[in-house]
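Down below is the structure, laid out as structure tokens.
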Amino acid sequence: MSRHESAELQRVAALRLQMLELHPFWGHLLLQMEVIASPHLHAFAATDCVRTIWINPERTRHLSYAQLGFVLAHELGHVFLVSGERRRGRDLHLWNCATDYVINRLVY
């Protein structure tokens with residue numbers, strides 16, 4: 001594991017506790033997730049909409065704690081809205097844009 005991966009996972013660990021205290025709903029959801037560093041991911045983060053969030057430490061290390069918290073909460077939104085299962089054959093890109101819009105409104 002690289003230095004950046006380790007540092008980002010430590011920031012995520014700190015955010016888990018902070019979110020649990022300041023935003024119990026998001027914090028509880030985040031505690032249930034496995035967060036994995038994935039340096040080849042083409043986005044800040046991604047989720048399987050079940051139990052895993054992947055973060056790209058090369059991208060997220062430039063974010064503030066608040067911004068990283070938003071990214072994690074956004075991915076959690078996909079989980080609690082069950083967006084992967086609810087897609088049901090719809091166009092992947094359009095579905096992701098639509099769910100991103102709704103999730104960002106909820107998180108922000």
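The values are calculated or read from the model by the stated rules, or taken from the named source; none is laboratory data. Note that the structure is a prediction, hence the values are computed from the model and not measured. Positions of Cβ are generated from backbone atoms using ideal geometry, with glycine treated the same way; all protein chains shown enter the neighbour counts. Accessible surface is based on the protein model in full, side chains and every heavy atom, while ligands, DNA and RNA are left aside. Shrake-Rupley method; radii C 1.70, N 1.55, O 1.52, S 1.80 Å.
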Every listed condition ((1) touching a Leu at 6+ places or on another chain (Cβ under 6 Å); (2) touching a residue at least 24 places away in the same chain (Cβ under 8 Å); (3) more than 23 Å from His4 (Cβ to Cβ)) holds for Gly69 save (3)
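I'd like to check something: does segment 38-46 contain any residue that is touching a Gly at 6+ places or on another chain (Cβ under 8 Å), under 30 Å from Arg3 (Cβ atoms) and either surrounded by 15 or more Cβ atoms within 10 Å (Cβ to Cβ) or at pLDDT 95 or above (or both)?
no
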Residue set Glu58, Glu85; condition touching a residue at least 40 places away in the same chain (Cβ under 8 Å) and among the acidic types (Asp, Glu); output residue Glu58
Matching residues in segment 4-43 (under 12 Å from Glu75 (Cβ atoms) and of a type in the set (Lys, Arg)) number 0
Condition set open to solvent by 40 Å² or more (accessible area, probe 1.4 Å) and within 13 Å of the chain's Cα centre (by Cα), scope segment 47-58, selection nearest to Leu92 (Cα to Cα): answer is Asp48
**Message:** Any residue that is at positive phi and either surrounded by 11 or more Cβ atoms within 10 Å (Cβ to Cβ) or touching a strand residue (DSSP E or B) at 6+ places or on another chain (Cβ under 8 Å) (or both) - is there at least one of those in segment 66-86?
**Reply:** yes
Filtering segment 8-24 down to residues that are exposed (fewer than 14 other Cβ atoms within 10 Å of the Cβ) and either at positive phi or of a type in the set (A, V, I, L, M, F, W, C) (or both) yields Ala13, Ala14, Leu17, Leu22
